[in-house]
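In what follows, a structure is listed as structure tokens, so that the remarks can point back to it.
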Amino acid sequence: MEDDLLKKTKKKRRRLIAVIVVIALFCVSAVWGLSVKKASDAKAAKAKAASEQTTSAGEDSKAAAKKETKKEAKTKTSKKTTAKETASSTSKDSTQESNSAASSSTSKKTTSSKYVTITIVCTELSNNMDKLKDEALKNYIPSSGVILAKTRYSFSDGDTVYDCLSSVCKNNKIQMESKYDSVYKSQYVKGINYLYEFDAGKLSGWLFKVNGVKPDYGASAVKLKNHDNIVWFYTINYTKD
């Protein structure tokens, strides 16, 4: 009887121990599962945070790039505006200078209304070619005897007959040579168009008349007057002219 009771007691103990072991195993399993879940959640949260940080960094980078692009665009716009303003200012200054130059030119033309006429001829020589010492000079004598047809010359106050001759010869590419005569204190014209004094005899050379009158002074001593008519001519005998 006692043995049966002992056996039953032992059996109950075993069952109790088995139940306790199962409960313990369940608790351990539950705790382990919870720990794994927490770890997994922590890992997921960390990954999410890293992803959000990466996204935030990307957005910040995009924002910075966008800001830099806007800054560059603004800088380019500013440069273009500056260049445009500079070009506009330059164009305006150029226009003003051009207008000023045109105005000055117009004013000069208006004030320089005074003029004389000048003619250069060697008619007498062209009719007396046999007087030439050098036949090669015939190449410089026009058949008409006119080296320069009547030409208008605008002058300024103080200009002389010599100034007029020098200027028109230069403008028309006509050779001319002169020297200063200290006795007469004036420029003496030695040659025009390669025709020099004494080329047609010891009394030959260049003379000039103003309004049909031969002055008693040298060319650089005779001042120009409005509408004067000047004629330079080559003479074979200056004592007759």
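Taking first residues from region 218-232 that are loosely packed, with under 14 Cβ neighbours inside 10 Å and partners that are outside any strand (DSSP E or B), the Cβ contacts under 8 Å between residues at least 6 apart in sequence or on separate chains come to 226/114; 229/211; 229/212. Taking region 157-180 as the region of interest, how many residues are assigned to a strand (DSSP E or B) and surrounded by 13 or more Cβ atoms within 10 Å (Cβ to Cβ)? Total meeting the criteria: 3. If you go through region 164-186 and pick out every residue that is closer than 19 Å to residue 216 by Cβ and either touching an Asp or Glu at 6+ places or on another chain (Cβ under 7 Å) or of a type in the set (Ser, Thr, Tyr) (or both), you end up with 5. What tally of residues in region 146-156 results from selecting those that are over 14 Å from residue 206 (Cβ atoms) and either free of Cβ contacts under 8 Å to residues at least 40 places away in the same chain or not in a loop (DSSP other than H, G, I, E, B) (or both)? Going through region 146-156 one residue at a time, the tally reaches 7. For the residues 133, 150, the requirement of being basic (Lys, Arg) and over 47 Å from the mean Cα position of the chain (by Cα) singles out 133. Checking 240, 138, 185 one by one, the residue that is within 25 Å of residue 116 (Cα to Cα) and not hydroxyl-bearing (Ser, Thr, Tyr) is 185 and no other. The single condition from (1) in a loop (DSSP other than H, G, I, E, B); (2) exposed (fewer than 14 other Cβ atoms within 10 Å of the Cβ) that residue 237 fails is (2). Test residue 196 against the criterion of being buried (at least 17 other Cβ atoms within 10 Å of the Cβ), touching an Asp or Glu at 6+ places or on another chain (Cβ under 6 Å) and more than 17 Å from residue 118 (Cβ to Cβ), and give yes or no. Against the criterion (buried (at least 17 other Cβ atoms within 10 Å of the Cβ), touching an Asp or Glu at 6+ places or on another chain (Cβ under 6 Å) and more than 17 Å from residue 118 (Cβ to Cβ)), residue 196 does not qualify. Applying the condition of being of a type outside the set (Phe, Trp, Tyr) and outside any loop (DSSP other than H, G, I, E, B) to region 207-224 and asking which residue is nearest to residue 240 (Cα to Cα) yields 207.
Of all residues in region 115-155, those being more than 19 Å from residue 197 (Cα to Cα) and modelled with pLDDT under 95 number 1.
The values are calculated or read from the model by the stated rules, or taken from the named source; none is laboratory data. Quantities reported herein were computed from a predicted structural model and do not represent experimental measurements. Glycine gets a Cβ as well: all are built from the backbone with ideal geometry, and neighbour counts include every protein chain shown.
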